[in-house]
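Below is one structure; the comments refer to it alone.
The values are calculated or read from the model by the stated rules, or taken from the named source; none is laboratory data. For clarity, every value in this text was computed on a predicted model and none was experimentally measured. Note: ideal-geometry Cβ built from the backbone for every residue, glycine included; neighbour counts use all protein chains shown. Areas reflect the complete protein model, heavy atoms only, side chains present, ligands, DNA and RNA absent. Shrake-Rupley method; radii C 1.70, N 1.55, O 1.52, S 1.80 Å.
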Amino acid sequence: MLNQTWNHGSVQALYELPFLELLYQAQSVHRQNFDNEKMELCTLLSVKTGACPEDCAYCPQSGHYKTGLEKEKLMDVNLVVSQAKQAKAQGAKRFCMGAAWKNPPKKDFPKVLEMVKKVKELGLEACVTLGTLDQDQAKALKENGLDYYNHNLDTSPEYYEEIITTRTYQERLNTLENVRDAEINVCCGGIIGMGESREDRVKFLLQLVNLPKHPESVPINRLIATKGTPLENVKQLDDFEFIRTIAVARVMMPKSKLRLSAGRDDMSETMQALCYMAGANSIFFGDTLLTASNPETHADMQLMKKMGFKREAQKDAC
Ligand code: SAM
Ligand code: DTB
Ligand code: SF4
């Protein structure tokens, strides 16, 4: 079946539905496409932290702001592998490695390829997020077994200019094209609650849905307002508007995994439950995201039990 086409009016109309009607539609779409008792668990690791040359106004790792973060070199491969083993033992299906780079430096790239290869050998899905990628880098990652590449559009093209000046929206689209062309699954989403308008949220979701193919994975982050960044004093977005955004994304991208990403640590269990009702079916699992905190593993296990979720099965080690 062809994907439904979306325009500004039809997305806005979804947002304006009565809350329970929107949730009902989202949950119906969700059940038609997924087992609604399953939750995907992904674990993050920052393999190269801090001093990033980009100026993303939300990011604790940008070298442009004083956030108190210590700069670290690229991690040792064996250390990454031992963290990945631990994530697998705790139940993660995917291991996502993030690096605070504009794009992967030549001298470090072979080490990243080795990390991907070794994580795959453990029987985990491998994901990396390394900034901008060219065609050759995307191909090399694919050849080493990479399953997903995370690169977010973050917000609408218009609001983007207020958030990031060192990398253009078009550069992001080019990287996504290189990832797609290399036949790596695309993980692409953004941040909600950076002071953008609903209009921006509509335009952001239209960008995602109008990519040549829907991203296989869509992380929806709620801004973690970090001290020292330009967004530290942004007022928190209303919970209902955040849940609506998840529901609208679910209706628009019925087959994509929707990941309730950054910001869960500040959400109540019932708030999270409404996000899952709205169609979120993936989370980051583990006490830390890249640098910011995430709910403790045992708290997430408890919530999974309360919700009656089963985690998505892992693959066997190669
Ligand atoms: N440096 C790489 C890049 O930007 O492509 C990868 C890492 S970056 C931290 C990945 C994503 O995390 C960003 O695109 C943004 O959506 C999200 N993120 C970063 N800081 C955040 C924050 N304070 N609150 C919510 N999401 C955040
Ligand atoms: C994504 O969209 N969210 C994750 C992952 N992709 C790499 C990162 C969230 C980062 C939150 C801030 C931090 O931990 O530094
Ligand atoms: Fe760097 Fe990524 Fe943070 Fe932007 S979001 S400053 S590119 S680590």
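Descriptive notes on the structure:
- Checklist (1) in a loop (DSSP other than H, G, I, E, B); (2) open to solvent by 50 Å² or more (accessible area, probe 1.4 Å); (3) at pLDDT below 95 applied to Gly286, failing item: (2)
- Test: residue in region 58-75 that is open to solvent by 70 Å² or more (accessible area, probe 1.4 Å) and without any contact (Cβ under 8 Å) to a residue 12 or more places away in the chain: yes
- Among the residues of region 82-110, the ones that are open to solvent by less than 20 Å² (accessible area, probe 1.4 Å) and either more than 22 Å from Ser217 (Cα to Cα) or more than 9 Å from ligand 3 (Cβ to nearest atom) (or both) come to 9 in all.
- Glu158 vs. criteria within 25 Å of Phe240 (Cα to Cα), of a type in the set (D, E, K, R) and surrounded by fewer than 18 Cβ atoms within 10 Å (Cβ to Cβ): yes
- As a summary of the residue check, Asp200 satisfies the conditions (1) within 13 Å of ligand 1 (Cβ to nearest atom); (2) more than 13 Å from the chain's Cα centre (by Cα); (3) over 23 Å from Glu125 (Cβ atoms); (4) at pLDDT 95 or above except for the one numbered (1).
- Among residues of region 209-224 being aliphatic (A, V, I, L, M), more than 7 Å from ligand 1 (Cβ to nearest atom) and in contact (Cβ under 8 Å) with a residue 60 or more places away in the chain, the one that is surrounded by the most Cβ atoms within 10 Å (Cβ to Cβ) is Ile220.
- Candidates in region 235-269 are the residues that are touching a Gly at 6+ places or on another chain (Cβ under 8 Å) and not in a helix (DSSP H, G or I); of these, the one that is surrounded by the most Cβ atoms within 10 Å (Cβ to Cβ) is Leu258.
- In region 214-226 there is no residue that is part of a loop (DSSP other than H, G, I, E, B), more than 15 Å from ligand 2 (Cβ to nearest atom) and in contact with a Gly (Cβ under 7 Å, 6 or more places away or on another chain).
- Which listed residue is at pLDDT 95 or above and assigned to a loop (DSSP other than H, G, I, E, B), from Tyr58, Tyr24: Tyr58
- Matching residues in region 161-202 - criterion: being open to solvent by 10 Å² or more (accessible area, probe 1.4 Å), outside any helix (DSSP H, G or I), within 16 Å of ligand 3 (Cβ to nearest atom) and of a type in the set (A, V, I, L, M, F, W, C): Ile191
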